[in-house]
Amino acid sequence: MKEKVVLAYSGGLDTSVIISWLKENYDFDVVAVAVDVGQKDDFKAVEEKALKIGAAKFYAVDKKAELVNDFIFPMIKSGAKYENTYLLGTSIARPVIAKALVEIAKLENASYIVHGATGKGNDQVRFELGIKALSPNTKVIAPWRIWDIKSRKQEIEYLKSHGIELPFKETATYSRDENLFHISHEGQELESPANAPEYNEVLQWVLPLEKTPDTPEYISIDFEKGIPVKLNREKLNGVELINKLNEIGAKHGVGVIDLVENRLVGMKSRGVYETPGGTILYFAHEELERLCLDRDSLQAKLKLSHDMAKLIYNGQWFTKYRQALSAFVDETQEFVTGTVKLKLYKGNIILNGTESPYSLYSQDFSTFDEDTVYNQKDAEGFINLFGLPIKIEALLRNK
């Protein structure tokens with residue numbers, strides 16, 4: 001009986017070549033696994049393609065709800081943004097994909113897991129750290145680090161030489177990654193940071209600003225303990241809520257960034273990311289936290305969010321430190337419940353009011369009118385004590 005390998009299969013050119021290459025070089029039975037994280041694929045067509053090329057078996061694993069509830073929402077609650085900008089749309093989907101691959105590998109008693117990530121990128125790290133954490137004895141094969149194929153054209157020639165004719169374009173296109181949270185674009189003119197993106201060609205979801213409506217749209221999002229649960233007062237599950245926010249945000253040009261980032265492997269890369277619903281959720285959640293969190297908790301979260309972002313970007317989701325950070329975040333979210341009202345217009349998200357039964361804002365204390373709760377004379381002693389180290393240093397230095 002042949003050994004089995006589980007292949008993370010997308011239906012694209014790279015992973016299609018990998019099926020044929022594995023059978024030729026290792027004589028494996030290849031179990032192709034397509035993980036549904038919300039990408040707009042015809043999984044029946046993906047299955048037909050995998051079996052035609054030579055896969056022994058095919059699985060389509062639906063992980064959309066798990067991705068949202070167990071990965072995306074905890075990430076948004078934490079405020080994680082890589083290098084203060086990137087909302088980690090590709091990064092956050094990798095651990096749930098790795099988890100699905102491990103689950104199928106155990107089900108099929110497979111000896112190896114295979115992925116199509118290149119040796120230049122972050123995804124090889126993310127997949128393999130997930131596999132190490134969940135199934136430490138499972139071996140990994142990464143063809144891009146082994147084979148002699150160097151280009152898309154060579155991949156197509158390889159398939160043809162093995163009697164496989166499929167409708168792959170020989171010309172280069174944008175390299176894209178899609179899930180229900182975002183879609184990324186790399187390659188083509190984006191390889192040079194000096195070039196402006198050809199947005200009419202690049203963008204798949206979000207309207208260019210010139211094509212967005214000339215009238216704003218008003219929405220409200222309800223949160224319970226940091227989790228978004230309603231859109232415009234309608235209760236929705238997580239997948240539904242993100243999909244609807246994607247449509248609304250995309251219509252108004254919200255959620256596009258053009259970013260040069262530092263990859264884990266050491267080089268810089270440039271990409272354009274579309275995250276319309278996610279951008280709205282991050283904004284709304286941050287505004288509600290400003291209302292409901294005490295100063296020290298909010299400022300600690302802001303500092304720790306950078307660590308959380310690095311852990312997610314670097315593929316370290318299944319680590320004790322990430323779990324500890326999430327536990328801290330969950331504690332801070334106990335009273336982050338309320339409604340955020342927003343105005344969307346020409347790529348902008350404009351705050352239109354926040355309210356919460358747990359608001360820490362006190363108009364009695366903050367008012368500019370006469371009040372009976374705050375003695376302004378108290379500020380003098382506070383300033384004297386707070387500024388004492390500064391005063392002492394200045395006195396001694398001046399001697």
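Here are a few things to note about the model shown:
- Between the Cα long axis of helix 320-332 and the first principal axis of the chain there is an angle of about 40°, rounded to the nearest 10.
- Of the trypsin sites (Lys or Arg not before Pro) in segment 108-185, the ones in a loop by DSSP (not H, G, I, E or B) with at most 14 other beta carbons within 10 Å are Lys120, Lys150, Lys169.
- Its convex hull of Cα atoms gives segment 213-263 a direction-averaged projected area, equal to a quarter of the hull surface, of 5.4 nm².
- Taken over the alpha carbons of the chain as equal point scatterers, the Debye sum produces base-10 log I(q)/I(0) values at 0.09, 0.11, 0.14 Å⁻¹ of -0.63, -0.88, -1.27.
- Prolate/oblate/rounded label for segment 195-354 (Cα gyration tensor, a/c 1.5): oblate
- Taking Lys and Arg as +1 and Asp and Glu as -1, the other residues whose beta-carbon sits under 11 Å from that of Glu3 total 0.
- Estimated distance in nm for a label pair at Asp378 and Thr215, the labels positioned 7 Å out from Cα along Cα-to-Cβ: 5.0 nm
- Extension gain, Glu234 back to Ile257 (0.36 nm per residue minus Cα-Cα distance, nm): 5.4 nm
- The modelled label-to-label distance for the pair Ala60/Lys150, using points 7 Å beyond Cα in the direction of Cβ, is 3.8 nm.
- Rounded to the nearest 20 debye, the dipole size of the chain about its Cα centre is 1080 debye, using +1 on the Cβ of Lys and Arg and -1 on the Cβ of Asp and Glu.
- Neighbour cut-off at most 16 other Cβ (10 Å), DSSP loop, trypsin sites (Lys or Arg not before Pro), segment 200-289: Lys225, Arg233, Arg263
- Of all DSSP-defined beta bridges confined to segment 1-132, some 5% are antiparallel rather than parallel.
- Rounded to the nearest 500, the helix-only mean residue ellipticity at 222 nm of the chain stands at -12500 deg cm²/dmol, with each DSSP H run of n ≥ 4 adding -39,500 (n - 2.57).
- The amide H of Val35, built 1.01 Å from its N in the peptide plane, has Tyr9, Val61 as neighbours under 5 Å, considering only residues 5 or more places off or on other chains.
- Contour excess over end-to-end distance, with Cα ends at Lys310 and Phe368 and 0.36 nm allotted per residue: 16.7 nm
- Summed side-chain charge close to Ile257 - residues other than Ile257 whose Cβ falls under 12 Å, Lys, Arg +1, Asp, Glu -1: -2
- Loop-located GluC sites (Glu not before Pro) in segment 324-399, at most 15 other Cβ atoms within 10 Å (DSSP): Glu370
- Sites Ile392 and Asn137 - FRET efficiency at Förster radius 45 Å, r taken between beta-carbons, to 0.05: 0.15
- Between Glu198 and Val265, residue separation times 0.36 nm minus the direct Cα-Cα distance comes to 21.4 nm.
Bear in mind that the values in this text are calculations on the coordinates, not laboratory data. Quantities reported herein were computed from a predicted structural model and do not represent experimental measurements. Heads up, the Cβs are rebuilt from the backbone with ideal geometry, glycines too, and the neighbour counts pull from every protein chain shown.
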